[in-house]
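Undergrad: Structure in structure tokens, see below.
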Amino acid sequence: MATYQTKAIVLSREDIFEADRLYHLYTEEFGKVRAIAGSVRKSKAKLTGHLEPFNLIWVELMAKKGGDLFITTALSETNLLGYNASPNQISLFTKMSRFALKMLRGQEKDKEMWDFILNSFIKVREIKTTDPFLDDYKSGFIKIMGFGDSVEEAGYYLNDFDML
């Protein structure tokens, strides 16, 4: 079983099985990954606080036979959302995460995309109005992916218009 270490942004989480969670991470070294953290919903679980959505973390992943990834260690570096986030900022983080999850297709290291997503999440702390920021985020994202310079132009190339 191989282990990997990298920085990651926790984009989302889903409860699975009795006490486990499936995490969607965007990692610096591997791009978008899905990884399971066992027993994190138990009251004495040590990883739970580190694996909150919108945290920037250092994570160790273990690959088992069949390719499934498991989180063995996670340490928070910072909460990208901040502790005094407004409801608008929380909503914006959620929309940005969902967009990233729908647009990113798999494990592929992309330094430019990592820097863009991380810096965009950091900037959310300072904004007051969310609408132009979200549009700029989507356009920048699409441009890095090579689908054009705007959401409208990307719609020509992409089949799933709901994601835009």
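We did not get these values from a lab; they are worked out from the coordinates using the rules stated. What you see is a predicted model; the values in this text were computed from it and never measured. Glycine also receives a Cβ, built like all others from the backbone with ideal geometry; neighbour counts cover every protein chain displayed.
Undergrad: Using Cα pairs closer than 8 Å and at least 6 residues apart in sequence, work out the relative contact order for the chain, in percent.
TA: Numbers: 278 pairs, mean separation 32.1, N = 164.
So the answer I get is 20 percent.
Undergrad: Under the rule of at least 5 residues apart or a separate chain, name every residue whose amide H is placed under 5 Å from the amide H of residue 73.
TA: 60
Undergrad: Hey, another quick one. Could you give the nm distance between label points at residue 1 and residue 95, where each point is 7 Å from its Cα heading toward the beta carbon?
TA: Result: 4.1 nm between the two label points.
Undergrad: Ok, one more. Tell me what the chain gives for mean residue ellipticity at 222 nm when only DSSP H runs of n ≥ 4 count, each as -39,500 (n - 2.57), the sum divided by the residue total, rounded to 500 deg cm²/dmol.
TA: Values: 4 runs with 52 residues, N = 164.
Helix-only estimate at 222 nm: -10000 deg cm²/dmol.
Undergrad: Candidates [x] 161; [y] 127; [z] 97; which is the computed volume of the Cα convex hull per residue in Å³?
TA: [y]
Undergrad: Here's something else I'd like to know. Mind checking the full-extension length gain between residue 70 and residue 22? Use 0.36 nm per residue of separation minus the Cα-Cα distance, one decimal, nm.
TA: 16.4 nm
Undergrad: Enumerate the residues in the range 64-104 having an amide nitrogen under 13 Å from the point lying 7 Å beyond the Cα of residue 13 toward its Cβ.
TA: Counting backbone N atoms under 13 Å from the label point, the list is 71, 74-76.
Undergrad: OK, next. Using amide H atoms built 1.01 Å from N in the peptide plane, name the residues 5+ places from residue 110, or on other chains, whose amide H lies under 5 Å from its own.
TA: 31
Undergrad: Enumerate the calculated ³J(HN,Hα) couplings along the range 41-58 in order (Karplus 6.51 cos²θ - 1.76 cosθ + 1.60, θ = phi - 60°), each rounded to whole Hz, writing x wherever the residue is Gly or Pro.
TA: Along the range 41-58, the couplings run 8, 6, 5, 9, 5, 8, 7, 3, x, 6, 9, 6, x, 6, 8, 8, 10, 9 Hz.
Undergrad: Go ahead and run the numbers for FRET between residue 29 and residue 102, Cβ-Cβ distance against an R0 of 35 Å, rounding to 0.05.
TA: Details: r = 22 Å, r/R0 = 0.62.
In this case the efficiency is close to 0.95.
Undergrad: Once the other residues with Cβ under 14 Å from the Cβ of residue 10 are scored (Lys, Arg +1; Asp, Glu -1), what is the net sum?
TA: Values: positive: 7, 13, 21, 32, 34, 98; negative: 14, 28, 52, 77.
Within the 14 Å Cβ shell, the charges total +2.
Undergrad: Quick one: Debye curve from the C-alpha atoms of the range 1-87, no solvent, what's log10 I(q)/I(0) at q = 0.20, 0.23 Å⁻¹?
TA: Per q value, in the given order, log10 I(q)/I(0) is -0.89, -1.15.
Undergrad: While we're on this one: Given a Förster radius of 22 Å and the C-beta distance between residue 45 and residue 125 as r, what FRET efficiency does 1/(1 + (r/R0)^6) yield to the nearest 0.05? Before the final figure, lay out the partial values.
TA: Values: r = 28 Å, r/R0 = 1.27.
Approximately 0.20, to the nearest 0.05.
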